Amino acid sequence: MSNVILKTEQISKYFHDPISVKVLKDISFEILKGEFISVIGKSGCGKSTLLYILSTMDTDYEGALWIEGENMGNKNEAELARVRNEKIGFVFQFHYLLNEFSVLKNVMLPGLKLGNISEKEIEHNAFEKLKLLGIEKEALKKPNQLSGGEKQRVAIARALINNPMIIMADEPTGNLDKKNSEIVFNIFQELSSLYNQSLLIVTHDNEFANRTNRIIEMEDGKIIKM
Amino acid sequence: MNYKLIASISISLLMARWRQTLVAAIGVTFSITMFVGLLSFMSGLNDMLDGLILNRTAHIRLYKEIKPSKQQPIDISNEFKNYHNFIRSVKPKNERLELYDAAGIMNALKNDERVVGVVPKVTTQVFYNVGALDINGIIDGIDAAEESRLFQFKDYVVDGNYLDLKNTPNSIILGKGVAEKMMVQLGDVIVVTTSKGEQISLKVVGLFQSGIRDIDIVQSYCSLNTTQRLLGESSTYITDIQVKLKDVSLAPLIAKEYENVFHLDALDIQTANAQFETGSFIRTLISYSVGITLLIVAGFGIYNILNMMIYEKMDSIAILKATGFSGKDVNAIFILIASTIGIVGGIFGLAFGLGLSVIIDHVPFNTASLPAIKTYPINYNPKIYLIGLSFSIVTTYFAGYFPARRASKIDPVIIIRGK
């Protein structure tokens with residue numbers, strides 16, 4: 001029981017515009033430490049919505065979300081930001097890097113925000129993460145000088161900087177070609193097998209999903225297989 | 001909150017769009033420059049106009065007025081004490097204009113904490129003799145050095161040295177209008193007839209121009225001694241005591257007090273020059289409203305630019321929030337951006353404002369009424385700079401506050417999902 005890192009209880013979510021629609025229906029499941037999970041389902045089945053709730057960014061839901069035994073429903077905006085900063089690494093479909101900063105600084109930012117260790121150490125760690133993902137040569141470039149695949153790898157490095165409890169990704173390969181998708185998948189797999197990193201990946205690439213440890217399949221806001 | 005991190009993010013955002021930043025900062029700089037320049041100029045002009053009358057006027061003038069006694073015998077009588085007594089056609093009694101124990105009063109005034117200085121004055125009517133003609137005139141007997149120190153007498157002596165009045169016996173500084181009428185120059189000797197009919201020769205050691213023609217065609221100055229001799233009085237004879245106060249605004253109050261203590265008439269500057277008070281107040285009001293309007297307009301400019309900036313940075317804000325920055329952090333970043341623009345723009349504005357003031361200060365400005373002034377007047381009051389800087393910081397803070405608050409409330413999910 002102690003290695004349950006994330007748990008949901010009866011999570012439901014409504015969209016009210018233009019009419020009230022229940023997009024998530026009583027979602028309950030658990031994620032154990034070290035699991036490599038993919039969430040699949042057709043477009044509009046609510047998998048991204050679920051991911052945003054799990055990542056604490058979306059707080060407008062019913063039910064309960066527990067991360068490492070703490071109920072997220074009781075936390076205010078600043079505390080949730082802290083949870084995201086410390087425990088969750090997020091990778092988006094679109095890379096979402098800040099073009100104002102160098103690649104290295106982009107990776108460092110969440111670490112600097114957490115501020116547990118000195119800037120020197122964060123810089124060192126960030127460089128190590130970039131090395132792990134094979135893009136250390138690009139460290140001092142600006143994100144807009146990088147290719148799509150490289151950007152996504154930088155985004156993964158950024159998600160890793162605070163050694164999060166779990167990495168969540170929203171269709172991380174959605175914008176990438178076959179070759180780059182393969183690279184990204186291999187990185188995730190390596191993180192899972194070598195570093196026992198917990199991963200929750202939303203995807204509609206079944207081939208990708210089939211190579212993960214566990215598949216959660218959703219349809220019409222419900223989990224139909226897990 | 002990690003201020004170093006917040007600061008480094010703000011600076012990066014500022015530098016990433018440095019042109020936009022520059023435009024915003026120039027907007028602030030321009031308005032502060034204008035504010036400082038305009039206010040310095042306007043308050044300089046204001047001070048000059050005030051100075052035209054107020055500088056050379058005593059804050060309180062103690063003198064004796066020829067008027068009937070306020071207390072008539074019937075008011076003192078017990079029988080009619082509770083009646084309204086109407087007495088008509090009361091005539092003043094023949095009293096000397098001399099202030100009794102002037103030296104004692106002056107000593108008492110000099111010991112008053114609120115007083116900067118005290119100068120005695122003797123005023124007498126004379127006739128300037130020009131051939132067969134007599135021109136009406138007034139001679140004030142003054143202490144030239146003290147008069148200069150307290151009331152800028154030397155600024156109005158356009159020719160000759162004002163101190164010669166003291167150093168040369170039987171000397172006179174003639175009003176410029178009088179001198180023109182009499183066609184005399186420095187070093188000439190003129191003859192005046194005193195009110196007692198005596199004729200006395202005086203040497204012209206200077207010319208005086210107040211800028212008010214009505215004064216310049218009658219007024220002249222002699223030393224106290226000379227004037228007392230013109231009147232045939234002793235050296236204790238004083239008709240006026242002029243007081244300069246540390247705080248002019250207290251003049252009406254102190255005047256009343258002196259009136260009661262010394263049993264003399266006391267005229268304060270506000271009563272004597274009421275129109276200048278009003279005029280000066282209104283001019284100050286106008287210049288401040290123009291200045292503040294400039295700053296508010298600049299504030300809206302900054303508000304617009306920051307609003308646009310935030311609109312462009314939506315993605316960045318969302319990403320900062322997704323990676324663990326709280327609304328408070330985002331708020332602080334944008335407030336810092338706004339304040340930086342405000343402070344930097346403001347400081348440059350002060351510098352340029354000072355430059356503008358210096359330029360105006362060097363533009364020639366010659367006017368007959370103000371012999372002491374050669375260029376346009378500027379008031380380098382630090383208060384103006386302080387107001388300019390604080391106002392620039394306050395307006396930019398508020399111009400940044402609302403966009404920053406909006407940024408802090410942005411929901412990252414909406415932006416990320418929107419893609």
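Taking the Cα atoms only, what angle lies between the long axis of helix A:103-114 and the longest principal axis of chain A, rounded to 10 degrees?
The angle comes out at about 60 degrees.
Work out the mean other chain Cβ neighbour count within 10 Å for the residues of A:109-116 and drop it here as an integer.
Details: counts 8, 5, 3, 6, 11, 4, 4, 0.
The per-residue average across the peptide is 5.
Taking beta carbons within 10 Å but only from partner chains, what does the mean come to for residues B:322-335? Kindly include the intermediate steps, with their values, before the conclusion.
Working: counts 13, 19, 19, 8, 10, 4, 3, 3, 1, 0, 0, 0, 0, 0.
That average works out to 6.
Principal axis lengths of chain B from Cα atoms, whole Å, largest first?
105, 65, 35 Å, listed from the longest principal axis down.
Can you work out D for region B:1-152 in µm² s⁻¹ from Stokes-Einstein, where Rh is the Kirkwood radius over C-alpha pairs, the temperature is 25 °C and the viscosity is 0.890 mPa s? Each step should come with its number before you reach the end.
Values: Rh = 23.8 Å.
Translational D for this selection: 103 µm²/s.
Within 10 Å of each residue's Cβ, count the other Cβ atoms and sort B:156, B:401, B:380 from fewest upward. Don't skip to the end; give the middle numbers.
Working: B:156 26, B:401 17, B:380 14.
Listed from fewest to most nearby Cβ atoms, that is B:380, B:401, B:156.
Given R₀ = 25 Å, what would the calculated FRET efficiency be for residue B:20 paired with residue B:363, taking r from the Cβ atoms and rounding to 0.05? Intermediate values should be presented prior to the final figure.
Working: r = 36 Å, r/R0 = 1.43.
Here the calculated transfer efficiency is 0.10.
Taking the convex hull of the alpha carbon atoms in region A:34-164, what volume per residue do you get, in Å³?
Working: hull volume 18.1 nm³, N = 131.
Expressed per residue, the convex hull around the Cα atoms of region A:34-164 is 138 Å³.
If the elastic network links every pair of Cα atoms under 10 Å, which of A:41, A:148, A:89 fluctuates the most in the Gaussian network model of chain A?
Greatest mean-square fluctuation among the candidates belongs to A:148.
Along each principal axis of its Cα atoms, how long is region A:92-225 end to end? Whole angstroms, biggest number first, please.
Sorted largest first, the three principal extents are 47, 30, 27 Å.
Per residue of A:84-92, count partner chain C-beta atoms within 10 Å of its C-beta, then hand back the mean as an integer. Spell out each step's value before the answer.
Details: counts 7, 5, 1, 1, 3, 2, 6, 0, 5.
Whole-number average of other-chain Cβ neighbours for A:84-92 is 3.
Relative to the longest principal axis of chain B, what angle (0 to 90°, nearest 10) does the C-alpha long axis of helix B:18-53 take?
Taking the Cα atoms of chain B, the angle to B:18-53 is about 10 degrees.
Using Cα springs under 10 Å in a Gaussian network model of chain B, which residue among B:43, B:77, B:326 shows the largest mean-square fluctuation?
B:77
For residue A:99 paired with residue B:282, estimate the spin-label separation in nm (one decimal), with each label point 7 Å from Cα along the Cα-to-Cβ line.
5.7
Taking the Cβ of residue B:224 as the center, what net charge do the other residues with Cβ under 14 Å away carry, scoring Lys and Arg +1 and Asp and Glu -1?
Numbers: positive: B:121, B:166, B:229; negative: B:98, B:140, B:143, B:146, B:147, B:233, B:240.
Once positives and negatives cancel, what remains is -4.
Helix B:274-312 against the longest principal axis of chain B: what's the angle in degrees, Cα atoms only, rounded to the nearest 10?
Approximately 10 degrees, to the nearest ten.
For Cα pairs less than 8 Å apart in space and 6+ apart in sequence, what is the mean separation divided by the residue count of chain B, i.e. the relative contact order in percent?
Values: 682 pairs, mean separation 115.0, N = 419.
Result for chain B is 27 percent.
Starting with the highest mean, order B:143-151, B:260-268 by the number of other Cβ atoms within 10 Å, averaged over the residues of each peptide.
B:143-151, B:260-268
Given N residues in chain A, what is Rg(Cα) / (2.2 N^0.38 Å)?
Working: Rg = 17.2 Å, N = 226, 2.2 N^0.38 = 17.3 Å.
In units of the 2.2 N^0.38 Å rule of thumb, it is 1.00.
Work from the charge dipole of chain A (Cβ charges, +1 for Lys and Arg, -1 for Asp and Glu, about the Cα centre) and give the residue of A:122, A:3, A:27 farthest towards its positive end.
A:122
How many angstrom lie between the C-alpha centres of region B:128-183 and region A:57-116?
86
Which order do peptides B:11-22, B:223-234 fall in by mean Cβ count within 10 Å, highest first? Let's see the in-between values first.
Values: B:11-22: 15.2, B:223-234: 18.7.
Put in order of decreasing packing, that is B:223-234, B:11-22.
Calculate I(q)/I(0) for the protein assembly as shown by the Debye formula, one identical point scatterer on each C-alpha and no solvent, and give its log10 at q = 0.05, 0.07, 0.11 Å⁻¹ to two decimals.
-0.50, -0.66, -1.07
Using the number of other C-beta atoms within 10 angstrom as an exposure proxy, rank B:281, B:348, A:208, A:90 with the fewest first.
Values: B:281 11, B:348 17, A:208 20, A:90 27.
In order of increasing Cβ crowding within 10 Å: B:281, B:348, A:208, A:90.
Pick from B:244, B:196, B:166: which residue has the top mean-square fluctuation in a GNM of chain B where Cα pairs under 10 Å get a spring?
B:196
If you bin the C-alpha pair distances of region B:1-47 every 5 Å from 0, what whole percents do you get?
Distribution as computed: 5, 19, 13, 13, 12, 12, 9, 7, 6, 3 percent.
Once every DSSP H run of n ≥ 4 in chain A is given -39500 (n - 2.57) and the sum is divided by its residues, what mean residue ellipticity at 222 nm do you get, rounded to the nearest 500 deg cm²/dmol? Walk me through the intermediate numbers first.
On the way: 7 runs with 81 residues, N = 226.
Rounded to the nearest 500, it is -11000 deg cm²/dmol.
Quick one: what are the phi-derived ³J(HN,Hα) couplings along region B:90-95, Karplus 6.51/-1.76/1.60 with θ = phi - 60°, whole Hz, x for glycine and proline?
7, 10, x, 8, 6, 10
Going by how many other beta carbons lie within 10 Å of each one, how would you line up B:41, B:80, fewest first? Present the calculation step by step, with values, prior to reporting the outcome.
Details: B:41 19, B:80 12.
With the sparsest Cβ surroundings first, the list reads B:80, B:41.
Got a sec? Charge dipole of chain B, +1 on Cβ for Lys and Arg, -1 for Asp and Glu; which of B:337, B:230, B:163 is way out at the positive end?
The one lying farthest along the dipole's positive direction is B:337.
With +1 on the Cβ of every Lys and Arg and -1 on the Cβ of every Asp and Glu, and nothing else charged, how large is the dipole of region B:125-243 about its Cα centre, in debye rounded to the nearest 20? It would help to have the intermediate numbers written out before the result.
Details: 9 positive and 15 negative charges, 31 e Å.
It works out to roughly 140 debye.
Scaled to the compact-protein estimate 2.2 N^0.38 Å, what is the alpha-carbon radius of gyration of region B:306-405, rounded to two decimal places? Each step should come with its number before you reach the end.
Values: Rg = 21.2 Å, N = 100, 2.2 N^0.38 = 12.7 Å.
So region B:306-405 has a normalised radius of gyration of 1.68.
Each value in this text was obtained by applying a stated rule to the coordinates, not by laboratory testing. As the structure is a computational prediction, the values presented were derived from the model and not from experiment. We place every Cβ from the backbone using ideal geometry, glycine too, and count neighbours over all the protein chains shown.
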